[in-house]
Amino acid sequence: MAKKIIIIGAGIAGLSAACYARMNGYEAEIYEMQDKPGGLCTSWKRKDYTIDGCIHWLIGSNPNSSFYKLWSELGAIQGRQMLYHDVFYRYTGSNGKTLVIYCDVDKLEAHMKEISPADSATIELLCRMIRRFTKFPMPIEKSYELYNFLDIARLIIKMIPFYRDMHFCNQITIGEFAQRFKDPFLREVFPLLLWEKDQPLLNLVVTLAELHAKDGGFPQGGSLEFSRSIERRCLNLGAKIFYRSRVSKILEENGRAVGIQLADGKEIRGDYIISAADLRTTLYEMLDGKHIHPIHQELFQSCKLIPSMVQVSFGVNMDLSSQPECLGECYKTPFLKKWKADWIVVKNYCFDPTLAPVGKSVVITGFSSDDYQYWEKLANDNDTYEAEKKKIASAFADELERKYPGFRSAIEVTDVVTPITYARYTGNWKGTFMTWVITPDKLNRFRVIPKTVPNLENFWLSGMWVQPPGGVPAGAMISRHIIQIICKKDNKRFQTSTPVVG
């Protein structure tokens, strides 16, 4: 009789775990607290408009990418059109200048040199590293726990051409690198390129390298449709998904995880348990704080979370497809001071015609918010909370009216998401949509985040929490690795298959 793997959460990590479990002959059951798949990787309908809440660029959309094979195995990419931008973001500084982050590194280099010829040496260094990392072999095929001597030797050989640049980029933050620019404008906007200046420069360099290699497409139809494609693969492989089934406890017997208890008291038994849910909820609630690894504890105590977001979305009876094409536009605006923010991001989703009726547009705006306590306090009084959301929506509508004359009167749909929304819908700690900022001084300590907990056999942690800073590909990769480890434990040969969509 096949062993059963119970998976908590039907986000990308949970769905992926079930897919790989079924590919390897295990029974797989997913228990999800919401009524649909995807977790953070989701979209939602407001009248005839689709509001996207997750994917900005998908690593693995290029057949030459390491992640392409993974998405193909999960049935996520076959038959799906990928939409690409020529421009990543446009950043307009306080002096009115605009930095255009072209996805093509040659255009980016020429543009930055036009802005500041005096910074040519620093710009050339940045762009040389971006070009170098377009050929970086992302080592995702095998879990590090299963590496043998030959695997390590092969990896070292592959990494030799990149070692010098990797070492440099891991020793300096994005913000620190920005200080190398002589031009005040570049120093102002460069730290915003990944919205967290304390990240290692490597995160930015690899991102720009992937975009240059056309490996950062947007899946047409949005994030929920992308998640549903993996859900279909999961169900076709024979996995079972139980929605509206919140897990409250992980059952233990004699130092082994043996099942789960749902919020309604029902108990389900299994041979292996994988939690693809929020890490803090898993450790401190489902496991009652009894199995805390020192590294997990240190992460919670000493590492900064990537801030949550306030997202304000509009469906408008305006055709904005003639506006400058890019993933997003960012600029300073004084009206955000009330919410302790400076920079607004504006995203025009006309590049995906499936998200709005013909001749109409979805515009998503927002700002980064790390003051979770502010929102938590507001949410204690629903009337006050809803009033604040209305104020925010009105302020953003006024801002967009200045940008697109006639915008306010064309609004047909308004939607506001706060950190409280993220926390309520996903259970994520403080409403974060990513995980921790692992600064260069902490990289060695947190290079590997444990997927297991002390004194509990047959239990694993999956998802972005064990692969900071997170993201959609990280969740899928970690789940693939965990099923590899389980197969090794059971003396089974890990195998995969790729569906043909015709």
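The values are calculated or read from the model by the stated rules, or taken from the named source; none is laboratory data. Owing to the predicted nature of the structure, the values given are computational and were not obtained by experimental measurement. Neighbour counts run over all protein chains shown; Cβ positions are idealised from the backbone, glycine included.
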Taking the options CYS330, CYS326, name whichever one is buried (at least 17 other Cβ atoms within 10 Å of the Cβ), in a loop (DSSP other than H, G, I, E, B) and modelled with pLDDT under 95. CYS326
Which listed residue, of SER227, SER223, is farther than 30 Å from ASP288 by Cβ, touching a helix residue (DSSP H, G or I) at 6+ places or on another chain (Cβ under 7 Å) and buried (at least 22 other Cβ atoms within 10 Å of the Cβ): SER227
Would you check if there is a residue in segment 169-183 being assigned to a strand (DSSP E or B), over 24 Å from LYS97 (Cβ atoms) and hydrophobic (A, V, I, L, M, F, W, C)? no
State whether one or more residues within segment 472-482 are touching a Cys at 6+ places or on another chain (Cβ under 6 Å) and within 25 Å of CYS169 (Cα to Cα). yes
Take THR354 and tell me if it is outside any strand (DSSP E or B) and of a type in the set (Ser, Thr, Tyr). yes
Of all residues in segment 268-322, which are among the small types (Gly, Ala, Ser), within 30 Å of ILE5 (Cβ to Cβ) and within 25 Å of the chain's Cα centre (by Cα)? SER275, ALA276, ALA277
